[in-house]
Amino acid sequence: MSTATPLGDKSTAANVTVVAGGLDSSATYSIHLNVPSVNATATESTSDTVTTTAPASKAVFTADPASSTGAGSFFSAAVSAEDPSGDVVADFSGSVTVGLTTAAGATLSGTLTQSVVDGVAGFSGLSVNKTASYTLTPAATPSLTAVASGSFTITPAAVDHFAVTTIGDQIAGAPFTVEATAYDAMNNVKTDYAGGAAIAGSASAAPGTAPTGCGGSCAPAYGAFGTWASGVASASVTLYAAEQSRSLTVADGTHQGTSNTFDVGPASLDNLAFSQQPGGSPTGGTAFPAQPIVLAQDLYSNGVGSISIALTITPSTGSSGATLSCASTTVTTGGAGTASFSGCNIDKAGTGYQLRATAASLQPDSSAFDVAVGPAATLSFSQQPGGSPSAGAAFPTQPKVLAVDAGGNEVSAASVVLSITPTTGTSGAALTCTDTTVSTDTNGVAAFGNCQIDKAGNSYQLRATSGSLEEDSSAFNVDAPTTTSLGSAPTTTAPDTYPDPPTVTLTATLTATGAAAPATGTVAFKAAGASISSACDAATVTAGQASCAADYSLVNNKSLTADYSGGSAGGVTYDSSASGSLTATTVSVSDSGSPATFVATVGGGPSASTDGSVIFVTGGAPVPGCSSPAPLSSGSASCTPSPALATSTVLYAIYLPAATASFSSSDGSDTAP
């Protein structure tokens with residue numbers, strides 16, 4: 001035996017260490033100590049028992065966790081190092097680590113490793129985060145056989161937050177169920193939650209006052225939760241405003257949870273209306289200054305998208321037969337419920353038009369508006385110039401120009417200017433009309449009068465101009481009218497035996513209006529309407545003239561004509577506007593007095609010297625003593641032969657028309673007394 005200090009005074013505590021050998025394990029021994037008194041003459045005794053143990057073989061919970069502890073709350077436990085007999089081995093030197101026997105996702109927190117002191121490792125401040133029933137398993141170092149603790153239960157902690165079951169997209173005005181679950185701070189379902197939570201969210205009411213189902217504008221309806229069972233409860237919610245990315249919140253005081261975001265779509269289509277009226281003082285065929293916009297809404301005034309809306313003219317409004325045109329007359333509403341039409345116009349002018357929007361059975365009409373006649377947008381020749389016109393003469397068909405607006409409405413009081421289209425017809429030609437600037441009448445027509453072109457030519461066009469508008473007519477030709485004048489020139493030198501037929505030269509002189517004299521074509525000469533000869537039937541025109549030599553006997557005392565058959569040359573078409581003709585004449589000869597004086601009287605029209613003269617011939621030669629030729633005076637000419645003619649001598653009087661006269665030649669005879 002040894003002591004830490006001498007046993008001098010029994011009043012002073014002393015530590016005594018007893019070392020005994022040869023003891024059996026797992027046995028109990030008594031210890032008896034005799035302690036001398038202070039004067040060493042007396043002794044005092046004390047006794048105790050000592051139990052010996054075998055080496056530690058197992059780690060056993062001598063203090064289990066409390067049977068029920070809240071999640072996250074602290075609990076304690078103790079583990080002893082024991083020998084096979086269940087005795088605590090006080091002199092075990094090591095440590096013990098505790099853990100959940102089956103964690104199943106739970107976490108044991110706290111100081112999980114403690115040293116063994118006097119055979120015991122004590123644990124405090126332990127906690128488990130997940131609700132369930134668990135056991136703890138010790139792990140000793142050095143290794144001992146582990147004996148698990150008794151079962152203990154982790155219950156939910158106080159409510160901390162809520163989770164809202166996923167909410168799908170909803171329809172305005174349709175009730176839906178919201179399910180919430182209560183959780184503690186460690187995300188354990190608060191199965192024993194008794195209630196108190198409520199739903200909240202946006203305060204957005206329906207955009208308008210609902211006609212049914214609400215007392216005024218429809219505010220969100222958040223129902224109360226029913227009974228909470230195992231931490232779960234449901235409530236009914238009705239939302240009336242169409243919204244995107246909406247969410248709901250479940251809250252109990254400061255403990256809350258927010259749902260996923262979801263959309264609230266509009267209810268089914270309930271009404272249509274023009275949110276922008278068409279109009280703005282439109283004109284025919286031109287886009288309305290104010291284009292129509294149609295709004296589709298549900299019962300709660302939410303805009304309804306994906307609605308096909310057709311736009312038409314309301315029957316029996318505006319002008320009959322009018323047509324509405326738009327970029328598209330059928331438009332689908334967007335997410336806000338609006339269908340915006342563009343490029344809309346009505347072709348015919350009229351008053352009191354309305355447009356009708358149609359979707360399903362809904363057919364609202366717009367406000368009334370008028371469509372006026374707009375400015376001229378198009379010119380056209382409602383009557384083409386032409387009719388085979390001749391230069392310098394009014395067209396047989398006079399031009400008329402129609403002015404219409406973009407919708408085809410006749411435009412009155414539009415000033416239209418008429419001119420020759422540049423580079424058409426003959427260069428330098430001039431157009432004249434009664435007036436080359438004419439305003440359209442109430443029918444939109446500018447009617448031009450007495451229009452003519454001075455020069456002949458092909459492929460003329462006329463151009464109508466009004467402001468910046470231009471329109472060209474169809475092409476037409478302007479012919480050169482050809483005038484024919486006819487002259488005859490009988491041969492005045494008779495053959496030896498007059499009146500053997502002398503030759504008469506017929507000459508046609510051609511002139512053209514608006515062009516040079518024709519150098520092409522033929523002339524047909526006729527006497528009293530009959531053919532004279534094949535040469536005279538088709539005399540070739542050269543340098544504006546054609547001539548034909550005919551026997552005097554074939555043309556004498558007959559009316560003569562010269563008919564021109566036109567041709568084309570140098571881009572000019574020549575036509576005959578008048579035939580040359582000579583009026584038939586007669587000559588009668590009488591005598592009187594002694595010596596006899598012969599008087600030739602020309603019938604058929606010739607009168608003065610400007611109409612011609614008379615040649616008196618006998619025996620094939622001019623009558624001596626008579627003028628040759630003798631000028632006409634008052635339709636007659638006289639001759640007094642010198643010397644006098646022998647009795648029974650035949651005297652001939654031949655009428656020679658002047659070159660400018662329109663008479664044919666003729667002759668007559670008399671016998672000297």
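Just so it is clear, none of the values below were taken in a lab; they were calculated from the coordinates. Computed from a predicted model, the values in this text were never measured in an experiment. Note that we place each Cβ from the backbone using ideal geometry, even for glycine, and neighbour counts take in every protein chain shown.
Computed about its Cα centre, the charge dipole of the stretch 378-478 is approximately 280 debye, with only Lys, Arg, Asp and Glu carrying charge at their Cβ.
Between Gly86, Gly208, Thr249, the Cα set farthest toward the positive side of the dipole of the chain (charges on each charged residue's Cβ, about the Cα centre) is that of Gly208. For the stretch 537-613, the list of chymotrypsin sites (Phe, Trp or Tyr not before Pro) that fall in a loop by DSSP and count at most 10 other C-beta atoms within 10 angstrom is empty. Between Thr503 and Thr113, residue separation times 0.36 nm minus the direct Cα-Cα distance comes to 124.1 nm. Residues of the stretch 276-319 with an amide N closer than 14 Å to a point placed 7 Å from the Cα of Thr332 along the Cα-to-Cβ direction: 305-310. Counting only Cβ charges, +1 for Lys and Arg and -1 for Asp and Glu, the dipole size of the stretch 159-265 around its Cα centre is about 200 debye. Across the options Thr421, Thr522, Thr437, the greatest Cα extent toward the positive end of the charge dipole of the chain (unit charges at beta carbon of Lys, Arg, Asp, Glu) belongs to Thr522.
What does the extension gain come out to for Thr432 and Ser415, with contour length at 0.36 nm per residue minus their alpha carbon separation? Using 0.36 nm per residue and subtracting the Cα-Cα distance, I get 4.4 nm. At a Förster distance of 35 Å, what's the computed FRET efficiency of Ser151 paired with Ser93, Cβ-Cβ distance as r, to 0.05? For R0 = 35 Å, the calculated efficiency reads 0.70. Full extension of the segment from Leu554 to Ser474, taken as 0.36 nm per residue of separation minus the current Cα-Cα distance, would add 23.8 nm. For the stretch 480-582, pairs of C-alpha atoms spaced more than 19 angstrom apart make up 41 percent of the total. Taking only the C-alpha atoms of the stretch 179-265, the Rg (one decimal) and the largest Cα-Cα distance, Dmax (whole number), read 14.8, 48 Å. Across the stretch 590-595, computed HN-Hα scalar couplings (Karplus, 6.51 cos²θ - 1.76 cosθ + 1.60, θ = phi - 60°) run 9, 10, 7, x, 8, x Hz from first to last residue, x flagging Gly and Pro. Working from label points 7 Å from Cα in the Cα-to-Cβ sense, the Thr542 to Thr135 distance is 14.9 nm.
Candidate cross-link partners of Lys348 among the aspartates and glutamates, defined by an alpha-carbon separation under 16 Å and a same-chain spacing of 8 or more, comprise Asp370, Asp405, Glu410.
Taking max minus min of the alpha-carbon positions on each principal axis, the stretch 586-671 gives extents of 37, 23, 17 Å, largest first. Model label points for Asn450 and Thr660, set 7 angstrom from Cα along the Cα-to-Cβ axis, are 2.9 nm apart. Considering only Cα atoms, the convex hull volume of the chain works out to 330 Å³ per residue. Count the net charge of all other residues whose Cβ sits under 14 Å from the Cβ of Ala372, scoring Lys and Arg as +1 and Asp and Glu as -1. Local charge sum for Ala372: -3. Charge dipole of the stretch 480-582 (Cα centre as origin; +1 on each Lys and Arg Cβ, -1 on each Asp and Glu Cβ, all else neutral): 200 debye, rounded to the nearest 20. The P(r) of the stretch 271-371 has a tail past 23 Å containing 20 percent of all C-alpha pairs. Of the residues Ser613, Pro282, Ala77, the one whose Cα sits farthest towards the positive end of the charge dipole of the chain is Ser613 (charges of +1 on Lys and Arg Cβ, -1 on Asp and Glu Cβ, taken about the Cα centre).
For the pair Ala66 and Ser202, label points projected 7 Å from Cα toward Cβ lie 4.8 nm apart.
Within the chain, antiparallel bridges make up roughly 90 percent of the DSSP beta bridges whose residues both belong there.
Principal axis extents of the Cα atoms in the stretch 335-471, from largest to smallest and rounded to whole angstrom, are 69, 28, 23. Summing charges over all other residues whose Cβ lies under 14 Å from the Cβ of Val599, with Lys and Arg as +1 and Asp and Glu as -1, gives -2.
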